[in-house]
Amino acid sequence: MPVVAVEGRPRTWAAHTPSSTYVLSAEEDGRVVQWYWGPRLPAAAVAEVAGDRVSGRFASGFRPDDDLVELLPVDGGRRWGVPSLQAVYEGGVRSVELTFDSAELTAGRLDLVLLDPEYGLRVVLHLRVHDDSDVIERWVTATATTGPVRLLRLDSGSWPVPESADPVYLGVAGDWALETQPHRGPLPVGETTFTSRTGTTSHTANPWIMIGDAGEEHGRVYGVALAWSGSWRLTAQRRAEGEVAVTAGFGHDGLAWDLAPGESLETPPALGLVTDGGYGAAGRAWHDYARRHVLPHPREVRPVLYNSWEATWFDVTEDGQLDLARRAAELGVELFVVDDGWFGGRVDDRRGLGDWWPNPERFPDGMGRLFDEVRKLGMRAGLWVEPEMVNPDSDLYRAHPDWVLHWPGRRRDTARNQLVLNYARPEVREWALGWLDRLAGDYRLDYFKWDMNRSFTQAGPDDLLWIEHTRGVYAIMDELGARHPGLRIESCSGGGGRIDFGMLRRTDVVWTSDNTDALERQRIQQGYSHLYPAGAMSCWVTDSPNPITGRRVPLRYRFHVAMAGALGVGGNLGEWSAGELAEAAAHIAAYKEIRPVVQHGRLYRLGGRPGAERSAVQYVHEDRVVVLAYNPFTDRRQAPWRLRLAGLEPEARYRDGDGRVWHGTTLMEHGLAVPSWWASGDDYRSDLVVLTREP
Ligand code: DGJ
């Protein structure tokens, strides 16, 4: 039983994961507190930590003696920290006073019911663990029972982080075409907030933080992530006296959710993970969790995809797509995706969004012929859609101007010439599901690339839509999946604007970034890899010079960077030389050999700042090891490079591509010598090394 009641202490429980233990209790005063979160404790030791408080600590009129230990600190009572729950009751009363009501313990799950009887608020703290993951899932349900309750904040929970002398945080931040840039540094005293107010996960931050004092492969790391694809806020508090806690939840400041009696609000899960073994082990544990409990089809290998966007932009024609499809098939591509520009009057980004039928001039007989041909070429068929958006210049907007986010009497500002449809409205959801379902059925589609290209603004007519919109997107994706079991969905939001564990639950792959410059991609991919698995990371090889950065990078290097995830091609194949096409076909064939290792394997970042200096990434799966090594800038004065591998069996022997056999220990401690010519001559050296464990 992974969650057990602790004997000898009332209302105290221990949640055990394979390598960690979490001990909590509901105290007499109504607080639910954490006593321990760390490496797994023997059952008998749990009682030793439960209730074991450092005594004699000075409390003052300005702070309590045990700050930041609660799982859901409320705005109320004698508290001064960041509240995870803030409510306003009838008459404007604000101070929440919860008392313990009951607990329900079932396999792997604990539900603690707390009540504020006077004003009729019921709060349930949920906790769930799995027997094959160290990730702990926690979420909250709040219900108004007898009177109306206005919620100003309902986080999924607060996570007290056990003290370390000098806590360091790791997170990612960025921008469009510059997503998931790793940021690391001392956790400041005070409140450090990462947030999105965009209505999506956002390009500017991603809802997770890791705290510890660790290196890549050593040291303890505490991680908290939020499985949510709308606006969010995550605040890490560090008190000057040492305590640290992270509270994370959906919505953002300034919103209010009104619950009438009988109504509830349930949060998305916040996920907590403690690991030893540095950021590397933490990442591998998150990837395992994603594969075991999040991704909808984790055992599949992702097909090699072709996407037409960077080849044609909006200039989509039937003949042009057919030509690209034939060229892509010859390279060994397995899935052909038609991007933006196929529908309504969509010949540029100023019109047509919302009119989801084939453009009558570009596809006078519909798209059946194109997709039939794609299938005859042996590929699966995919289509780009942006179901949450509308251009004012569209039949949809002319018919339903009230379907967009707006406040009465206020401007409706466009961004990328588009407005956001309000998925909180049932008729909008019904409309979207209707045409998506028809497209998937009529064309027997295997794949949707579901895009979302602007942030929310002027988001009326009520605050609940910030949550209901995201729920609507989830509901439609879930229903599409149920109606079309073979359909796979890619999540895209102008690149990587909506990547999170909520989205990964219903999509198989994410478009990592619109930035396809191999050099800049390396850093983006590194930041992504801290939480999310390589098998879901869509990476395309596109043209050189790169359309965003203008940088010229050799085809081999571009392929080797894209082979670190789910490989795709997005270049204008009509302009590739015969030599380039032959080289591309060889890389794709090589990728198909290694992709189970890359997509399902254990990932080790072998060091170096990706894209800025020589670096390598390694994957281990069953008996195979794949290393992708990069040296973007050659310099003869560089010290010799030995690639010390990781995660191998020390006693086992591994055969390399030349037939040489090495001990695991040799590869890990002495390392593979990278030839010295890698340091001289042309920039952009890269290699793919495959090793197989001897039986
Ligand atoms: C943004 C996406 O990230 C691109 O890949 C492409 O699909 C465009 N939208 C199309 O408008």
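The values are calculated or read from the model by the stated rules, or taken from the named source; none is laboratory data. Values in this document were obtained by computation on a predicted structure and should not be read as measured data. Note that we place each Cβ from the backbone using ideal geometry, even for glycine, and neighbour counts take in every protein chain shown.
Residues that are of a type outside the set (D, E, K, R) and within 16 Å of the ligand (Cβ to nearest atom), at least 3 per element: which strands (runs of 3 or more DSSP E) completely within segment 249-362 meet that?
Working: elements: 257-259, 264-266, 270-275, 305-307, 335-338.
In segment 249-362, 305-307, 335-338 are the strands (runs of 3 or more DSSP E) which contain 3 or more residues that are of a type outside the set (D, E, K, R) and within 16 Å of the ligand (Cβ to nearest atom).
I'd like the full set of residues that are among the small types (G, A, S) and in contact with a Phe, Trp or Tyr (Cβ under 9 Å, 6 or more places away or on another chain), limited to segment 5-28. Talk me through it step by step, then tell me what you get.
Just the residues of segment 5-28 that are among the small types (G, A, S), to begin with: 5, 8, 14-15, 19-20, 25-26.
A5, A14, A15, S20, S25, A26 - these are the residues of segment 5-28 that are among the small types (G, A, S) and in contact with a Phe, Trp or Tyr (Cβ under 9 Å, 6 or more places away or on another chain).
Checking C539 against (1) in contact with a Ser or Thr (Cβ under 6 Å, 6 or more places away or on another chain); (2) assigned to a strand (DSSP E or B); (3) free of Cβ contacts under 8 Å to residues at least 60 places away in the same chain, only one condition comes out false. Which one?
All conditions pass for C539, except number (1).
For segment 185-213: of the residues being assigned to a strand (DSSP E or B) and under 17 Å from the mean Cα position of the chain (by Cα), which is farthest from P39 (Cα to Cα)? Working first, answer last.
Pass one, segment 185-213, residues assigned to a strand (DSSP E or B): 185-186, 190-196, 205, 208-212.
In the following step, the residues that additionally are under 17 Å from the mean Cα position of the chain (by Cα) were identified as 194-196, 205, 208-210.
Details: F194: 27, T195: 30, S196: 32, A205: 29, W208: 21, I209: 19, M210: 16 Å.
Per the stated criteria, the residue is S196.
In this structure, is T106 in the same structural domain as L265 (by TED's automatic domain parsing), surrounded by fewer than 16 Cβ atoms within 10 Å (Cβ to Cβ) and in contact (Cβ under 8 Å) with a residue 60 or more places away in the chain? Write out each step before concluding.
Working: in the same structural domain as L265 (by TED's automatic domain parsing): yes; surrounded by fewer than 16 Cβ atoms within 10 Å (Cβ to Cβ): yes; in contact (Cβ under 8 Å) with a residue 60 or more places away in the chain: no.
It is false that T106 is in the same structural domain as L265 (by TED's automatic domain parsing), surrounded by fewer than 16 Cβ atoms within 10 Å (Cβ to Cβ) and in contact (Cβ under 8 Å) with a residue 60 or more places away in the chain.
In segment 123-177, which residues are of a type in the set (S, T, Y), assigned to a strand (DSSP E or B) and surrounded by fewer than 23 Cβ atoms within 10 Å (Cβ to Cβ)? Steps first, please.
We begin by selecting, within segment 123-177, every residue of a type in the set (S, T, Y); these are 133, 141, 143, 145-146, 156, 158, 164, 169.
Subset that is assigned to a strand (DSSP E or B): 141, 143, 156, 158, 169.
The answer is T141, T143, Y169.
Could you list, ordered by first residue, the pairs with Cβ atoms under 8 Å in which the first is in segment 604-615 and part of a loop (DSSP other than H, G, I, E, B) and the second is acidic (D, E), at least 6 apart or interchain?
Filtered contacts from segment 604-615: G607/E216; G611/E520.
Is there any pair with a first residue in segment 317-346 that is closer than 18 Å to L377 by Cα and a second that is of a type in the set (S, T, Y) and away from the ligand (no atom under 15 Å from the Cβ) whose Cβ atoms are under 9 Å apart and which are 6 or more apart or on different chains, and what are they?
G332/Y591
Hey, among the residues in segment 502-522 that are within 16 Å of the chain's Cα centre (by Cα) and assigned to a helix (DSSP H, G or I), which one's nearest to the ligand (Cβ to nearest atom)?
Here the answer is M503.
Within segment 363-374, which residues are surrounded by fewer than 17 Cβ atoms within 10 Å (Cβ to Cβ) and either under 31 Å from the mean Cα position of the chain (by Cα) or assigned to a loop (DSSP other than H, G, I, E, B) (or both)?
Keep residues of segment 363-374 that are surrounded by fewer than 17 Cβ atoms within 10 Å (Cβ to Cβ), which gives 364-366, 368-369, 372.
The answer is P364, D365, G366.
So which residues in segment 643-680 are among the hydrophobic types (A, V, I, L, M, F, W, C), in contact with a Lys or Arg (Cβ under 6 Å, 6 or more places away or on another chain) and buried (at least 18 other Cβ atoms within 10 Å of the Cβ)?
W678, A679
Looking for whichever is of a type outside the set (G, A, S), within 22 Å of T143 (Cβ to Cβ) and modelled with pLDDT of 95 or more here; the options are P268, P188. Which one fits?
On the way: P188 fails: within 22 Å of T143 (Cβ to Cβ).
Answer to the selection: P268.
Determine the pairs where a residue that is assigned by TED's automatic domain parsing to the domain that holds V149, located within segment 245-271, has a partner that is surrounded by 24 or more Cβ atoms within 10 Å (Cβ to Cβ) and of a type in the set (F, W, Y) with Cβ atoms under 6 Å apart, the partner being 6 or more residues away or on another chain.
V246/W159; F250/W228; F250/W232; P268/W228; P268/F250
Any residue in segment 53-61 that is in a strand (DSSP E or B) and polar (S, T, N, Q)? It would help to see each step written out before you state the result.
Step one: filter segment 53-61 for residues in a strand (DSSP E or B), giving none.
No, segment 53-61 contains no residue that is in a strand (DSSP E or B) and polar (S, T, N, Q).
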